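Some notes on the structure that comes next.
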Amino acid sequence: MLQTLKNAWKIVDLRNKLLFTLLIVVLYRLGAVIPVPFIDSAALSSLMSMADGSIFQYLNIMSGDAFAKATLFALSISPYITSSIVMQLLTIAIPALEKLSKSGDEGRKKITQITRYVTVGLGLITAYGYYTYMRAYNLLLDRGVFAAIVIISCYVAGTALIMWLAEKINENGIGNGISIILFANIVAGLPTGVGAVWSYLTSGTVIGVVIAVLTTVIAIAMVVFIVFMTNSERRIPIQYAKKVVGRKMYGGQSSTLPIKLNMTGVMPLIFANSIVALPATIAQFANPDPDGFWGKLVSALSYNSIIYAIIFFILIILFAYFYIAISFNPVEVANNLKKNGGFIPGIRPGKPTSDYITKILNKITLIGALFLSVIAVVPLLANIISGGYLNGIAFGGSSIIILVGVILETTREIEAQMTMRHYKGFLE
């Protein structure tokens, strides 16, 4: 990875893209420390420190500690992710939107514009819920109408600005904007995690040392396993037919169609996290009666509930298939092979080829989805089994997958762009 970055730095175009991405990340982190007026951020941080392992810890991790400090970017990228999910689902369900998505750049621009409106709407709802939560716990320095308008407006503006920053990374930077911002947030929280492990190690107790050592060993093992699974692929053999053009013969060579085991990357995990956290988050903002229906629903969907882990597991698998369905078209691949005189040995061109690729793709997607699900859910189950003693690692699996996944995806994109520019140093 370091060698890839070193080689990319030598290319002016790629260097500019890397610098632009870094600039956006710096601007984002600056926005994550800008305070919002009329809020007692110290009291909120103290309250959040007692919510270790809760849904608020997850929101805080995803926002790079901005949620616990009630800064401008406290809502983070979550409204944008949720609106993207909603629009992708509606594109499949509503024929008019499906027609727009297939009508070229103009249609995609309209869908992007609708996604922006949905993001601002979700940001407004979430901002109001966040304000209601802080009001219920007496975290406001001013409870007047003007203060409420200012606070909610700041968070809606922050949501829109984050969306704009993510889109700028997509247009002019390196990597996926959503993933890069989430990566920056999780990296910002690493010192806190390292500090927690160090406190266990220096606690002077046997159990503390054991937890610190086990956490470190498991984290390293998970990174190695994630890298291995992410780089694994199924290669389908492709044979190209020979053809004579004039006095020369072309084709006849063999090739492969590589299908990554984890072709979806970290997007199913990000989508599943956003959806599974949404009901409990809204209910927590509303402060429901613990003995009422909503209170019992919140308890059933809390991070330390087996139902939460099961729903999370299932959603990751479903979103993996959903993401593959919208990003990979076996029929188009089969048609391209047929046009170029390529075929899979033993499989007829056309529909039999697309059916064969679909069959392999479904198996590969299931294995990749199970891999993501296990890595993400095992820390949650460990926390549930220990009775909440391992709250600090409840969301550790998700964080490690996002970190490693974003690094590998970004590295592959840099390598692909260097290959397109015929950079010989990369091949060396």
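Data table
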item: Other-chain or far-sequence residues with amide H under 5 Å of Ile39's (modelled H); result: Leu141
item: Sequence of Asp142, Asp289 once ranked by neighbouring C-beta atoms within 10 Å, starting from the fewest; result: Asp289, Asp142
item: Cβ-placed point charges (K, R +1; D, E -1), dipole of the chain about Cα centre in debye, nearest 20; result: 2120 debye
item: The chain: angle of helix 351-385 to the longest principal axis, Cα-based, in degrees nearest 10; result: 20 degrees
item: Rounded to the nearest 20 debye, dipole of segment 1-188 from Cβ charges on Lys, Arg, Asp, Glu; result: 440 debye
item: Calculated SAXS-style log₁₀ I(q)/I(0) at q = 0.20 Å⁻¹ - segment 1-188, Debye, Cα scatterers; result: -1.29
item: Cα-based reach from Lys17 at 20 Å (exclusive), listing aspartates and glutamates while leaving out same-chain residues under 8 positions away; result: Glu167, Glu171, Glu409, Glu413, Glu415
item: Distant-in-sequence amide H partners of Ile238 (H built 1.01 Å from N, under 5 Å); result: Ser255, Thr256, Leu257
item: For Ile174, residues with placed amide H under 5 Å, excluding near neighbours; result: Thr21
item: Table column - 3J(HN,Hα) (Hz), segment 316-324, Karplus curve with 6.51, -1.76, 1.60, x for Gly and Pro; result: 4, 5, 4, 6, 4, 5, 5, 5, 5
item: Inter-label distance, nm, simple model (7 Å from Cα along the C-beta direction), Lys363/Phe328; result: 1.3 nm
item: Distance in nm between pseudo-label sites at Leu2 and Ile34 (7 Å out along the Cβ direction from Cα); result: 3.6 nm
item: Segment 75-147 versus segment 297-359: alpha-carbon centroid distance in Å; result: 26 Å
item: Cα-based Rg / Dmax (Å) for the chain; result: 24.0, 86
item: Of Tyr240, Tyr321, Tyr155, the one that fluctuates the most in a GNM where the chain has Cα springs shorter than 10 Å; result: Tyr240
item: Förster radius 25 Å - calculated FRET efficiency between Lys109 and Leu89 (Cβ-Cβ, nearest 0.05); result: 0.80
item: Taking Met263, Met420 and counting other C-beta atoms within 10 Å, the order from fewest to most; result: Met420, Met263
item: Calculated from backbone phi, Karplus (6.51, -1.76, 1.60) coupling profile of segment 70-78 in Hz, x at Gly/Pro; result: 6, 8, 4, 9, 4, 7, 6, 8, 4
item: Residue among Asn336, Asn176, Asn262 with the largest mean-square fluctuation in a Gaussian network model of the chain, springs linking Cα atoms under 10 Å; result: Asn336
item: Ranking of Phe225, Phe183 by count of other Cβ atoms within 10 Å, fewest first; result: Phe225, Phe183
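No lab work stands behind these numbers, since they all come straight from the coordinates. The shown structure was predicted, so the numbers you read here are calculated from the model rather than taken from an experiment. When we count neighbours, we look across all protein chains shown, and the Cβ atoms used for this are built from the backbone with ideal geometry, even at glycine.
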